[in-house]
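Any read-out appearing in this document is the output of simple, stated calculations on the displayed coordinates, not a laboratory observation. Keep in mind the model is a prediction, meaning the values are calculated, not measured. Quick reminder, even Gly has a Cβ in these numbers, built from the backbone with ideal geometry, and neighbours come from all protein chains shown.
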Amino acid sequence: MKQTPAKKWHQHKIWNWIIKVLIVALLTWTIYKQVFGKENINQIWLTLIARFTQEHLHWLILTTLLIPINWGLEALKWQQLIKTFSNYTFWHIYKAILAGIAIGLFTPNRIGEYGGRILLVAPEHNWKAVIATAVGGVSQLLVLLAFGLLGTIYFASLYLMLDTYLLYLLLFIGIGLITLMTFCFFNIDLLIPVAKRLPYIHLLKKYFKHLIVLTSYSSKELWSALMYSTLRFFTYSVQYYFMLQFFGIELPSIWVGFAGVFTHYFLQTAIPLPPVMDVFARGPMALFVWSRFSEDQIGILGSTYTLYLINLIFPAILGSIFVLKVNIIKSLGYDTVN
């Protein structure tokens, strides 16, 4: 028997709330694990509280003030990439970014950011928005690898005592890979015929029409995405440096400090790890980099984890509010009943 519109609407409403409850539950569990489930978390919290003095507090305030700028730059980048098929206000885009953070927080490798963002996009543009998000992610990866490589070479030459020829080899291979990625980025429409040749790709044939968005990007728009990615990279690098200052990690110079920050981000990205290990790898990598300047392991871990918390946890909580206000079933294109 065919469902009446009223019954269909009622079922969709139930499923809408089930999904929202599930999202809130998973987000709450993830935040709890991140805030209270870390090793040495009690010592980190005590150290954090102890640093709340007039002498150190300005570093934390400056870091916090950069949070909206960090994600605002991401919003500007995404707005630039989706303007070919939609025209949303900056505030609407910003809410989509925060919604993506909320869902991405409890998904492997933060893949849920794609799903969170499309909740605030018209259903007919969902797949295009996913592709635009991927393009933005590639631009951010390119910037991180480029500056990360330079920082790592500089840092390694000073403190890792690696053979000069090994450093040159690393630089040569890195520049080659980044050059190849850059070429692919600026000729991203070439991926369409390549994708059509992949095995079993015919099963996704109905989604090919959405790839047309790749052909709409001009070099100017892609350069713009790289510019926003670069500004954002330096924003969260500055945040990291500020947190090191807040926790009292003394560094030889600001240049060494930023080289260490770039090295940390590069290693975190370049070393292949299962998605579930990504968060847990932050601590050991931070200790690997910063233990050359300080024996304060709690301070090193505190600066790394606190930055992660304030850059993701607070925006995720705000983003969850926007998710709760959305008709999820309708946003995904399954609700045709008003």
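Go through the stretch 243-260 residue by residue and turn each phi into a ³J(HN,Hα) via Karplus (6.51, -1.76, 1.60, θ = phi - 60°); whole Hz please, and just put x for glycine and proline.
5, 4, 5, 4, 8, x, 7, 7, 10, x, 7, 5, 5, 5, x, 6, 4, x
How would you rank His58, His264, going from fewest to most other Cβ atoms within 10 Å of each one's own Cβ?
Working: His58 12, His264 23.
With the fewest neighbours first, His58, His264 line up as His58, His264.
Give a residue-ordered list of calculated ³J(HN,Hα) values for the stretch 19-31 (Karplus: 6.51 cos²θ - 1.76 cosθ + 1.60, θ = phi - 60°; whole Hz; x for Gly, Pro).
Karplus values, whole Hz, x for Gly and Pro: 5, 5, 4, 5, 4, 5, 5, 5, 5, 4, 4, 5, 4.
When Ile103, Ile310 are ordered from fewest to most other Cβ atoms inside 10 Å of their Cβ, what list results? Don't jump to the answer; show the numbers that get you there.
Values: Ile103 24, Ile310 17.
Going from sparsest to densest Cβ surroundings: Ile310, Ile103.
In debye, nearest 20: dipole of the stretch 5-331 around its Cα centre with unit charges on the Cβ of K, R (+) and D, E (-)?
In total the dipole reaches around 1780 debye.
Which value results when the Cα radius of gyration for the stretch 43-159 is divided by 2.2 N^0.38 Å?
Details: Rg = 18.1 Å, N = 117, 2.2 N^0.38 = 13.4 Å.
So the Cα radius of gyration is 1.35 times the expected 2.2 N^0.38 Å.
Take peptides 311-319, 181-189 and line them up by average Cβ neighbours within 10 Å, highest first, as a rough protection proxy.
On the way: 311-319: 20.4, 181-189: 14.8.
Packing order, densest peptide first, comes out as 311-319, 181-189.
Considering the options Val289, Trp71, Leu162, tell which one lies farthest towards the positive end of the dipole of the stretch 5-331, charges being +1 on Lys and Arg and -1 on Asp and Glu at the Cβ, about the Cα centre.
About the Cα centre, the residue reaching furthest to the positive side is Trp71.
At R0 = 41 Å, how high is the FRET efficiency between Ile175 and Leu46 if r is their beta carbon distance? Nearest 0.05 is fine. The partial results should precede the final answer.
Details: r = 44 Å, r/R0 = 1.08.
Plugging the Cβ-Cβ distance into 1/(1 + (r/R0)^6) gives 0.40.
So what are the ³J(HN,Hα) numbers for the stretch 60-70, from phi and the Karplus equation (6.51, -1.76, 1.60; θ = phi - 60°), rounded to whole Hz, Gly and Pro as x?
Once θ is set to phi - 60°, the couplings for the stretch 60-70 become 5, 5, 4, 4, 5, 5, 7, 4, x, 5, 3 Hz.
What spacing in nm lies between the two simple spin-label points modelled at Leu65 and Tyr334, each 7 Å away from Cα in the Cβ direction?
Going from the Leu65 label point to the Tyr334 one covers 4.5 nm.
What is the gain in length, in nm to one decimal, between Tyr308 and Glu55 on full extension, counting 0.36 nm per residue of separation less the C-alpha to C-alpha distance?
Working: separation 253, 0.36 × 253 = 91.08 nm, distance 2.27 nm.
Stretched fully, the Tyr308-Glu55 segment lengthens by 88.8 nm.
Mind scanning Lys77/Lys220; Lys95/Lys330; Lys13/Lys325; Lys33/Lys77; Lys20/Lys77 and naming the pairs with a C-alpha gap bigger than 23 Å? The partial results should precede the final answer.
Working: Lys77/Lys220 13 Å; Lys95/Lys330 17 Å; Lys13/Lys325 13 Å; Lys33/Lys77 31 Å; Lys20/Lys77 28 Å.
From the list (Lys77/Lys220; Lys95/Lys330; Lys13/Lys325; Lys33/Lys77; Lys20/Lys77), the Cα-Cα distance tops 23 Å for Lys33/Lys77; Lys20/Lys77.
When N is the residue count of the stretch 5-331, what does its C-alpha Rg come to as a fraction of 2.2 N^0.38 Å?
Details: Rg = 21.3 Å, N = 327, 2.2 N^0.38 = 19.9 Å.
Working it through for the stretch 5-331, the quotient is 1.07.
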